[in-house]
Amino acid sequence: MHHMNMTHFLILEIIVAALAVAALVLYPAAMYASGKEHQKWKWSRYILFAAGVILSAAALTGPLARLSHMDFTVHMLGHLLLGMLGPLLILHGKPMTLLMRTLKVANARKLSKILNLKYVQFISNPIVASILNIGGLFLIYKTGLFEIMHSSVLLFALIHLHVFLAGYLFTMSIIYIDIVTHRYTFLYRAAVLIAALGFHKILSKMIYASPPAGIAREDGEAGAMLMYYGGDIVDLALIIILCWQWYKAAGREHTRSLKFS
């Protein structure tokens, strides 16, 4: 964990910070543009989006990112921010819905065609999304990839990009808050969520029993415990949101059945 070229890492930090600032600026600009033709966009969504962007960026910039190269527990905190909490908050900002509202009709239709591609539908299937998310974590922590990525900034960046995108894809495949191209039943998504949570806990226990190469046992155990219990907080949020959506959908269905009975 100590052999990365820190000059190269500084360049990565600058790139991540620039992308985060761009997102924080472009979002309210899109709010202003869409507000000219549509109902005003809620500022509360921007607050959630901004919080998600800032927390995700914090995992790869500043003191938290630099400490993560020396402290596995801090690294695991970054994993929770980048792959779980950050995506959940960003999703609540409904960035894709805002983008569709902002684009001209012709461009919005082109984006809609892309979102309806079979490939996009395939990777947004909850099972596929969970494999990309949890399976990727198994590869990182149980194959030696964790040690290798700390010797290459490019590999480090690609792996963390995957962690963020896979976490976001998994979250949006389970709870329908933003635009989705293909909807799956609540029962199906609940079953996938339960299985994914189980594998996440299994991985944290495996890390506790056998930390990645180069990690001291005490540091590995502390990081694994943070992964286990810290992940529970975000997992609980996912469960509550999914159950609440399920409850509301059942209520609407009941009301419709009474109306036409």
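The values are calculated or read from the model by the stated rules, or taken from the named source; none is laboratory data. Small disclaimer: the values here were computed from a predicted structure and weren't measured. Cβ atoms come from the backbone with ideal geometry, glycine included; neighbour counts cover every protein chain shown. The protein model used for the area step is the full one, side chains on, heavy atoms only, and it has no ligands, DNA or RNA in it. Shrake-Rupley method; radii C 1.70, N 1.55, O 1.52, S 1.80 Å.
Two numbers describe the Cα atoms of region 6-49: Rg and Dmax, which are 14.7, 47 Å. Sorted largest first, the spans of the alpha carbon positions of region 194-247 along the three principal axes are 46, 17, 11 Å. Scalar couplings 3J(HN,Hα) for region 159-173, obtained by applying the Karplus form with A = 6.51, B = -1.76, C = 1.60 to θ = phi - 60°, are 5, 6, 5, 5, 4, 5, 5, 5, x, 5, 4, 5, 4, 6, 7 Hz; x denotes Gly and Pro. Accessible surface computed residue by residue for region 77-219, with neighbouring protein chains in place and a 1.4 Å probe, gives 49 Å² per residue. In the chain, the DSSP-assigned H stretches of four residues or longer account for a calculated mean residue ellipticity at 222 nm of -24500 deg cm²/dmol, using -39500 (n - 2.57) per stretch and the full residue count as denominator.
Eigenvalues of the alpha-carbon gyration tensor of region 139-205, scaled by 5 and square-rooted, set the equivalent ellipsoid semi-axes at 28, 17, 6 angstrom, largest first. Evaluated at q = 0.11, 0.12 Å⁻¹, a Debye calculation over the C-alpha positions of region 25-148 (equal weights, vacuum) places log10 I(q)/I(0) at -0.54, -0.63.
Over the Cα atoms of the chain, compute the convex hull volume and normalise it per residue, giving Å³.
It is 140 Å³ per residue.
Considering only Cα-Cα distances, which of the following residue pairs are longer than 18 Å: 118/248; 142/205; 40/94? Table pairs above 18 Å Cα-Cα are 118/248. Spin-label pair residue 97-residue 24: with each label point 7 Å from Cα along the Cα-Cβ axis, the two points sit 2.4 nm from one another. Only protein atoms count toward the accessible area here, which uses a 1.4 Å probe; on the chain, the carbon and sulfur part of that area reaches 71 percent.
Region 161-258 has equivalent-ellipsoid semi-axes of 35, 14, 10 Å, by the square roots of 5 times the alpha carbon gyration tensor eigenvalues, sorted largest first.
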